[in-house]
Every structure is written in structure tokens, then in C-alpha cells.
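What follows is a single structure, written as C-alpha cells, with notes after it.
The values are calculated or read from the model by the stated rules, or taken from the named source; none is laboratory data. A quick note: this is a predicted structure, and the numbers were derived from the prediction, not measured. Backbone-built Cβ (ideal geometry, glycine too); neighbour counts: all protein chains shown.
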Protein chains: 2
Amino acid sequence: MIVQKYKDMLSGKSVIRQLSEFATARGAEIGYDNVFDYSLGNPSVPTPREFTEEMIRLLETKDPMELHGYSPSLGITSVREAVAASLSKRFGVPYEGKHIFMTSGAAGAIAHAVRCVTQPGDEILTFAPFFPEYHPYIDLTGAVLKVVPAQVEDFQINFRAFEEMLTDKTMAVLINTPNNPSGIVYSPETIQKLADTLQRKSEEYGHDIFIISDEPYREIVFEGVVNPCVSAYYSNTIMCYSFSKSLSLPGERIGYVAVNPACREAETLVNMCGQISRGIGHNCPPSIIQLAVARVLNRTADLSVYETNMELIYRTLMELGFTVVKPGGTFYIFPKALEEDAKVFCQKALKYDLILVPSDSFGVPGHFRMAYCIDTEKVQRSLEALRRFVETEYPSFS
Amino acid sequence: MIVQKYKDMLSGKSVIRQLSEFATARGAEIGYDNVFDYSLGNPSVPTPREFTEEMIRLLETKDPMELHGYSPSLGITSVREAVAASLSKRFGVPYEGKHIFMTSGAAGAIAHAVRCVTQPGDEILTFAPFFPEYHPYIDLTGAVLKVVPAQVEDFQINFRAFEEMLTDKTMAVLINTPNNPSGIVYSPETIQKLADTLQRKSEEYGHDIFIISDEPYREIVFEGVVNPCVSAYYSNTIMCYSFSKSLSLPGERIGYVAVNPACREAETLVNMCGQISRGIGHNCPPSIIQLAVARVLNRTADLSVYETNMELIYRTLMELGFTVVKPGGTFYIFPKALEEDAKVFCQKALKYDLILVPSDSFGVPGHFRMAYCIDTEKVQRSLEALRRFVETEYPSFS
């Protein structure tokens, strides 16, 4: 019989999708160029030319049977080694190939990490604001996702609330820094305090608590901001990475799990990922894409546009009197709305063809997210619309 | 804490992998060319040139942001439509794009199909001989895989045993025709009888029983053999397909789920696949590979070598007096071993550098599998080794 659990999920339509559909429909009316669509986190700069060239080179020169043949279930050995070497060099954590498991993006990575360290009923804590897909990612495994309330002043970790929510059922903490939706980068002090707390609590409860560190925005960090490597602070860290944002390849779904070598049974965890794959139908990512990213591991797309856009938007928001924490990275910003109900605020913005995402699904009320992975020229025009929106709808405010 | 269930799986080393490791080690000693490795089902003919050309064309001509951007979670619309049109035309079942869900290979397809129609504790029946990976595929969902004993005379379905094992907990039947490991194609009569039985039992139990039809070998069918389309016989059929074998692309992991349009709530099932994906970390397959296979849907690699090899091997086996059912497709053959214990038989064959896989893990005792996706010239040499093996080890037999 058709399983009701999944059928029921179909009725819950995502706010972001609704907004995106509105943007498309409105675009058909007035031209998409005139719709200021800040709803989707789809990279707006092309992949590095080297990636494309490497793909073509592989297709033109490699024996197709070797190129497209079955690859080892943990990932192609040379690719795993290249990833490990790159991580070791950059972060000083001595990863080797055996600590890497290639995945189809960060979603695939998290699916394995969660299953490695939690059973149904176990708890995973995450911190608001958080990426709403964490709910299906975790809930459908049978583990329980609990959300620690936000520290809205700076979107670092609210440690008091965190400590109150930690229990001996907590098996993992899922963090995302640089953060979607706030754009905030956790400071070294935050990471250190998180590590210390988990160390203490692991001892108290008599079992390991893992950090599952979701790092797709690791390469998008703005000038002067320090982005500490979580794994360098805490042994029991399972890093989940995606090349979607750094190489502008979201449709090609390529990423990895990297288990800290100092983690108890690090290699076992990686090998377990191979077993988990058999049950969830995850296949290692396509050979050709593994091989091609391995050649551009230390490159990124030209990510500078995101900082340019952020500075423009941040300055205007400040001028208009918004309360907003300045992003340290990503292509998101998460200001406070000008009225309590963010949904109403974002609904009003639609009249000005501004597509803003209300904050509720990110676990924080009264804010909105702008995904500024769009052309700078369009950002500039959108800021005029933002100004009109605020001046017209909230005259007493501005 | 590390989850014991997956850790425990690490100790069970697969027989096929052990054999493959032996082949590699022996190859290092005497040259891999002299090892007659029949262990692995890795295609031995290159992908069609058109696939490679289409990949290069996409990379050279398409806007990289469009090419590599996020794709819809059910698959790229034009690709789903192309798959549906191809299926409709070939099999006369009126598939539309909305009945197709793109997956990373057949393993990904089965992972979704099983979750659509079973809950933990529900039963799925399959027929021996069967692909041993079905066990982790099913067992790790919490559903229970039960194996109907083989009808060894012809490897069609043993309906008496099947009817005895059907219960009201049976929610699906998982079939694989053309079959790995036997190479047998179910006859139209077998499929019709299966459909009739399930129809009758669905009514008796008051709930649908689905056929999950795993069809990666659909395109490898030998002369004169009729390969009926399962879906044309039974409405509640979820077809799981992979291009791994037809296009020689096993490393690129591309396939689909096709839900029969006549299935109750067909479109809902497809949409549910999109929800299931969120929980298991399955991402839709890479955009570029979806687009490239869509251009070669009605092509295959040159598959004729498999039939050539089969005929050579079959003839020699018959000459030597083996009991063997002639394969109708695939690149497998599944003869009866010359002694009761297939493991002992295959162990002895290693002395002749013949790598044969004992049948026990396929759910049938006393047989062995040969995967003849190797060069014909090597097959010919291997048959000399087979002759020596039989004459030396089983002189009274030959």
C-alpha cells in the first residue's frame, strides 16, 4: 500500500517554492529582469573554465570503459586522496584518503553522517536560524531534530539555551557555518566554546557527541572574516561538504564526508558510510564528475560578486534603519523585518516585485532572508524598489 | 555513538569481492590477461560515441550556469518527457513525463520504490536466484525480504512455492528479468501468471500488491527471445531502470523509476519519490548526465559481444556435460556445479585461473555464475582452462 507518511508530505508546500513560482509568473508579466528575486540560493557565477576543460579532456582522451566503469563504493581512490591532501594542507588536520567518502552533494553527506551516529529516537541539536531541509533530512531517519533558539544579536550560538537542551540522548550537533540563512560565520571563540561544551558533556554522559559540520559555504567568506575549520577544534567532527557553491555546480551534486582522523574509529565510520549507501540507494557520485572536481579542488568560481552584492545591500539596509547582522560569508543576509509578522512583511514586498523569504521556516520569527546570488546591476535596481517599499509601507519607520 | 548495525556489516566480506581481489593478486603474478575473471558484471564494450559527443557538446555550447544549475528534484522536465516518450513508443504503455522520476541508477530507483509501498515489517517477495544486494537494499528499510525457492529446471517462477509464501503482509514482489545471475528472461506466460496471481491476491487481501521490476538488463536480450514488458501486464508496476548496462555507464549512475500510468495514484507515487529523496539524501542525478542520456535513449552500446560469448560458453558447457539453462539475455550464465558444494567447486577452479562465483549468495545451492562481459578472445582461452579443470578434477564426470 502507498505509504501515508510520504504522501502527507506532499501537501506541505514550501514557502520558498511558492515565492519562486510567484517570481516566475510575475516575470512572465513584466519581464523576469524586473522581478527582484531573492528567493533561491542558486549560484550566479559560472564554474571555473578549468572544470569544463577537465571534463572535456576526460571525455576526449580517456578510455570510456575506464572512465565510465564501476568505481569503488567509497569513491575513486585518487580522488579521495586528492581531497584529503587539499584539506590537510589548508587546515592542518592530517586527513588521508581513508578518511574521505565521496557523496552526491552535502545532502548525501549528511544522510550518511546522521545514520553513522544516531539511531531512531536519538537527538540531534541544531541552532536557529537553520536550513529548513534539516527537518526532512533528520526526521525521516527516525532521529529527532531539536532546534536551539537563536541569539539574534549576532547569530552566534546561544550557549545558555544550548546547555539546557543537551541531554544524554544527544548524539550529535549539526552546525552550518558560514550559515544559511544568516550569512554569519561562527567565530573561533564560538567554535572553541562549542568544542569544550561537547567534550565536557561527552564525558558526563559517557558517550561521544559528534559535530556534523555542514560546510557548503566554506569558500564564500568575506574580507577580514576568519572562518575557523571546525574539525581543527574538535576530534569527533564529521565534515559534510558540497562543491555546489564553491564551483557553481549545484546540479552536478558532488561533495564528500571527511571524518576527522583523530575521531575514535575514524576509518570505521568511513567504511560504514559504504554500508549505509547500500540501504539508502546512494551510489557514489558519477566517476567523471569525481575525477573532474579532483582537478580543481583548490579553485573556486569567481565568488567576489557575492561580497560586492552584500556590501551594497547591507549599506542600504543600514541607511533605511533596518536591524541587521553583517554577513561574514555565503550569499545570504537575514535582516529583521519592519513588522512582527515576517510573512505579512514579505507579502507586502511583493507589490514592489521584491521576493523576500520570511524567516519562520528558518526557526526565527520576524526576519527575512535575501539570497543575493544575482547580478549586481539587478541588486542596484532592487535597492530602489526596497527604498520605495519601506518609504511607502512603513513611512513612520523611515 | 557509532551505530552497531552498520559496523557489524563490515565484517561480512562479499564472496564476489574476495574473488575479485584474488583475481587482481593473481593477475599481478601471471598477467591479468591470463586470469579468466568471470566474477564482475562490469560492461566490456564502450559507451556509444553519441553519448560522449553529446557530453562534449553540452560542455562546449551550453551556458554553464544553466547546464550545472539546480535541476528539479524529480528530474529535468525535458528528460522525463523524453524517457516517457521512448517507453510509450517501445512498449505501448502510455507513460508521460509525470510518471518518471530520474534516479542515480537502479539502486537509487529501488530505494525509492521500496519506500513508496512498504513500511517496516511489511514483506517483499523475490525469486531465487536473485541479486544478493537486494538484501541490504530491503533489509535496511525495515521491510522484510523473503526469497521464493528457485525452479531450477528453467529458472522461471516456482508458483507453488510463491503462493505458499504470499501473505497479507506482502506489499510488493521484486523481480529481475532478464535475470542476474541466471540470464533467464521470464516468458510472457510467466509474467501473465504472476500478474493474475497478484491481481487475485490483491483482491483477497484488500490491498494493492506492487511489482517492483528491476530491469537493468532489458536491452541485452538474445536472438529469438521474447522479453515481455512487465508493466504492460500489470498496472501496479514500478519499473526501476539503469543505463549502466545498455549504455556501458555503470560509473555514472543514471537511471529512473517509471510508474505505470494505470497504477492507482501513479503521479502521487512519483511525487512521493521526491519526498523520499529528502530523507535518504538522494539527489536527482547530475544534470549533465541526465541531459546526455536523454539524447541516446534509443541507442545502446554494441551489445552483440555478450551473445557471442554466451554461445561459446554454453556450447562448451553442454559438450562437457554440464546441466545449464540457456540464457535469454544479460551477460550471465548459471550452470550447475559438478559437485554439491559450489564453494568447493569454485575453489578448485581457481587452480586453473578460472574465477567463478558460487551460487549460495544468489539463493540457490550447487550452481555457479559466470559474468561473461570480457573479450571473446579471452573467453576462448578460458574454455580451454575449463576443459582442463573438468577433465582433471572430475575425470569420472567428463
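Of all the criteria given as (1) farther than 25 Å from B:Ile220 by Cα; (2) surrounded by fewer than 18 Cβ atoms within 10 Å (Cβ to Cβ); (3) touching a residue at least 24 places away in the same chain (Cβ under 8 Å), the one not satisfied by B:Gln18 is (3). Within the range B:107-131, the set of residues being of a type outside the set (Val, Ile, Thr) and touching a Cys at 6+ places or on another chain (Cβ under 7 Å) comprises B:Ala109, B:His112, B:Ala113, B:Cys116. Quick check, is B:Val3 within 14 Å of chain A (Cβ to nearest Cβ), more than 30 Å from B:Cys229 (Cα to Cα) and not charged (D, E, K, R)? Criteria met by B:Val3. Taking the range B:184-207 as the search range and keeping residues that are surrounded by 18 or more Cβ atoms within 10 Å (Cβ to Cβ) and in a loop (DSSP other than H, G, I, E, B), which one is farthest from the other protein chains (Cβ to nearest Cβ)? If we take residues in the range B:184-207 being surrounded by 18 or more Cβ atoms within 10 Å (Cβ to Cβ) and in a loop (DSSP other than H, G, I, E, B), then B:Ser187 is farthest from the other protein chains (Cβ to nearest Cβ). Restricting the range B:64-79 to residues that are touching a Leu at 6+ places or on another chain (Cβ under 7 Å) and more than 7 Å from chain A (Cβ to nearest Cβ) leaves a set whose member that is nearest to A:Pro48 (Cα to Cα) is B:Leu67.
Residues of the range A:261-282 being touching a residue at least 60 places away in the same chain (Cβ under 8 Å), buried (at least 24 other Cβ atoms within 10 Å of the Cβ) and in a loop (DSSP other than H, G, I, E, B), which ones? Of everything in the range A:261-282, just one residue is touching a residue at least 60 places away in the same chain (Cβ under 8 Å), buried (at least 24 other Cβ atoms within 10 Å of the Cβ) and in a loop (DSSP other than H, G, I, E, B), namely A:His282. With respect to B:Ala82, determine if the residue is at negative phi, more than 9 Å from chain A (Cβ to nearest Cβ) and assigned to a helix (DSSP H, G or I). Judged against the criteria, B:Ala82 is a match. Summed over the range A:53-76, residues that are in a loop (DSSP other than H, G, I, E, B) and surrounded by 16 or more Cβ atoms within 10 Å (Cβ to Cβ) total 7.
Yes or no, residue by residue, for (1) among the hydrophobic types (A, V, I, L, M, F, W, C); (2) within 30 Å of A:Ala82 (Cα to Cα):
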| residue | (1), (2) |
| --- | --- |
| A:Gly108 | no, yes |
| A:His112 | no, yes |
| A:Asp122 | no, no |
| A:Leu125 | yes, no |
| A:Asp139 | no, no |
| A:Lys146 | no, no |
| A:Gln151 | no, no |
| A:Arg160 | no, no |
| A:Glu163 | no, no |
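Under the condition of being facing chain A (nearest Cβ under 8 Å) and hydroxyl-bearing (Ser, Thr, Tyr), which residue from the range B:261-304 is nearest to the chain's Cα centre (by Cα)? Only one residue fits best here, namely B:Ser287. Looking at A:Gly321 and the list (1) in contact with a Leu (Cβ under 9 Å, 6 or more places away or on another chain); (2) part of a loop (DSSP other than H, G, I, E, B); (3) surrounded by 18 or more Cβ atoms within 10 Å (Cβ to Cβ), which single condition is not satisfied? Of (1) in contact with a Leu (Cβ under 9 Å, 6 or more places away or on another chain); (2) part of a loop (DSSP other than H, G, I, E, B); (3) surrounded by 18 or more Cβ atoms within 10 Å (Cβ to Cβ), only one is false for A:Gly321: (3).
Just give me the residues in the range A:362-377 being surrounded by 19 or more Cβ atoms within 10 Å (Cβ to Cβ) and either of a type in the set (A, V, I, L, M, F, W, C) or part of a helix (DSSP H, G or I) (or both), in sequence order. Within the range A:362-377, A:Phe362, A:Val364, A:Phe368, A:Met370, A:Ala371, A:Cys373, A:Ile374 qualify.
When the residues of the range B:208-227 are filtered to those that are among the β-branched types (Val, Ile, Thr) and under 20 Å from B:Ala258 (Cα atoms), which remaining residue is surrounded by the most Cβ atoms within 10 Å (Cβ to Cβ)? Here the residue is B:Ile212. Selection of the range B:33-62 for residues being modelled with pLDDT of 95 or more and within 8 Å of another protein chain (Cβ to nearest Cβ) yields B:Val45, B:Pro46, B:Thr47, B:Thr52, B:Met55, B:Ile56, B:Leu59, B:Glu60. Answer yes or no as to whether A:Tyr32 is within 30 Å of A:Tyr217 (Cα to Cα) and surrounded by fewer than 14 Cβ atoms within 10 Å (Cβ to Cβ). Considered against the rule, which asks whether it is within 30 Å of A:Tyr217 (Cα to Cα) and surrounded by fewer than 14 Cβ atoms within 10 Å (Cβ to Cβ), A:Tyr32 comes out as yes. I'd like the full set of residues that are closer than 14 Å to A:Val257 by Cα, among the hydroxyl-bearing types (Ser, Thr, Tyr) and over 16 Å from the mean Cα position of the chain (by Cα), limited to the range A:228-243. Correct list: A:Ser231, A:Thr237. The set of residues from the range A:327-351 being part of a loop (DSSP other than H, G, I, E, B) and surrounded by 19 or more Cβ atoms within 10 Å (Cβ to Cβ) comprises A:Pro327, A:Gly328, A:Thr330, A:Phe331, A:Phe334, A:Pro335, A:Ala337, A:Leu338.
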